[in-house]
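One structure below.
The values are calculated or read from the model by the stated rules, or taken from the named source; none is laboratory data. The model shown is predicted, which means the values in this text are computed figures rather than measured ones. So basically every Cβ, Gly included, is an ideal-geometry build from the backbone, and we count neighbours across all protein chains shown. Protein only, heavy atoms only, side chains kept; ligands, DNA and RNA dropped before computing areas. Shrake-Rupley method; radii C 1.70, N 1.55, O 1.52, S 1.80 Å.
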Amino acid sequence: MDRATFACSTAFFRDYSSSSQGAFCLPGGHVDFIEKVESFTYSDFFRDYLIPNHPCIFSAKFTEDWGSRRSWVTWDGKPNFDYLLQKFGEAVVPVANCDVKEYNSNPKEQLPFKEYIKYWKEYIKNGYRSSRGCLYLKDWHLSRAFPEQDVYTTPVYFSSDWLNEYWDAIAVDDYRFVYMGPKGSWTPFHADVFRSYSWSANICGRKKWLLYPAGQEEYLKDRHGNLPFDVTAPGLQDRSVYPRYNQSQPPVEIVQEAGEIVFIPSGWHHQVYNLEDTISINHNWVNGCNVAIMWCFLQDELAAVQREINEWKDPMDDWHLQCQLIMKSCTGIDYKEFYNFLKVIAENRISVLENGLDDEASAKNTPKAAISTLGMLHAVFDLKRTVKVLTSLSANEDFKKLDLTSLSPPPEALLHHLKAAIDTALL
């Protein structure tokens, strides 16, 4: 991060709240196309897309050196089933049935990868029809299962990735996925986990995206407050069921070609279709630009849980703890883990600022190496954003009702350390 971008980001987050950041709309629904790798810097992306929370498309030039673009694709741009079977045939993968609605998503099952590829080939042969329905391989943690494979390299623009930095540190999960599906497979209307950013790169095939800027989803809710499963369904025209639908803006529509990367802003709801047999790589990620949006999302989720079980507040001694447990079962995180998330992110940056990296550590693909690559000012920016959110968390009444004695260091001590590290770095 250069000094001009640091100054720009400091001014932006001083003047705007997290709610207003998420609500920016695009003039005329235009989405920028980034053509040249050599003339587009990290600071360009940070300033023009991350901070204002705007989508963009990266050309296929940004992925042309990936191993998957060379090996996973046939000469005519189709999935290379033979190669994929050779490398991953014995894996077990999550597969959704796009033809079945279960609550507000598609039901999933675990299948051997070789069985899924057999199905896919037969599905194509039968004119994209099957008695089993349209099956879509989704949310496969391929990089975690096959770390030795040369699949892709995360572009530098997406390298400030707090979600995967934290979950890698605790060795529990990650938010790096592979998707593979036939023409006609799709993902219902949704926003990404924790209202994170996402990036999605097509290894082969084409996708159509329908994007709604943050806040627009409110107009798409039915009279009970539920979001639609399919935002293109004719039923949305029924004002007795969807009373505010006519106030919504048309979606921002993107057709993503093979090799291209789409950047999806934080909190933008979307629906996605595979226009051809398609393979894509997707990451969800949070950083200093949208961590406050994540924190707002968690507060909203807890409030929803509290409303749902409010009648049990008086008879239940540990009602506040039970609310946290339910929230974690629904979202994947509670307030105490969110504190630990902020702590890991902060301590990694303090370590780099105070100790630097030796040559051996710098050469490795580690979070601290990525922090060092992005520069001291980026680490300071991250710490400043962490201080802002941690201060709000520490003052939160629901957080203060929890048993915080297990948190080490205590929130006050961590805040003091963060502020001292920022002051020292800016001397």
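Selection of helices (runs of 4 or more DSSP H) fully inside the range 264-379 by the criterion of at least 2 residues being open to solvent by less than 50 Å² (accessible area, probe 1.4 Å) returns 291-308, 319-331, 335-355, 367-374. Filter the range 398-414 down to the residues that are assigned to a helix (DSSP H, G or I) and open to solvent by 80 Å² or more (accessible area, probe 1.4 Å), then identify the one that is nearest to GLU301 (Cα to Cα). Result: LYS400.
Only a single criterion out of (1) free of Cβ contacts under 8 Å to residues at least 60 places away in the same chain; (2) outside any loop (DSSP other than H, G, I, E, B); (3) crowded, with 16+ Cβ neighbours inside 10 Å is not satisfied by ASP168, namely (1).
The residues listed here are MET294, MET327, MET316; of these, the one that is within 14 Å of the chain's Cα centre (by Cα) and not polar (S, T, N, Q) is MET294.
The selection criterion, being within 30 Å of THR10 (Cα to Cα), in contact with a Ser or Thr (Cβ under 9 Å, 6 or more places away or on another chain) and touching a residue at least 60 places away in the same chain (Cβ under 8 Å), holds for SER266.
For the range 301-318, the criterion of being in contact (Cβ under 8 Å) with a residue 40 or more places away in the chain and under 26 Å from ALA233 (Cβ atoms) is met by none of the residues.
Just one of the listed residues (LYS183, LYS118) is part of a loop (DSSP other than H, G, I, E, B) and open to solvent by 50 Å² or more (accessible area, probe 1.4 Å), and it is LYS183.
For the range 29-45, indicate whether the set of residues that are open to solvent by less than 30 Å² (accessible area, probe 1.4 Å), at pLDDT 95 or above and under 30 Å from ASP300 (Cβ atoms) is non-empty. Yes, that holds for at least one residue.
Out of TYR179, TYR123, TYR152, one residue alone is modelled with pLDDT of 95 or more and touching a helix residue (DSSP H, G or I) at 6+ places or on another chain (Cβ under 9 Å). It is TYR152.
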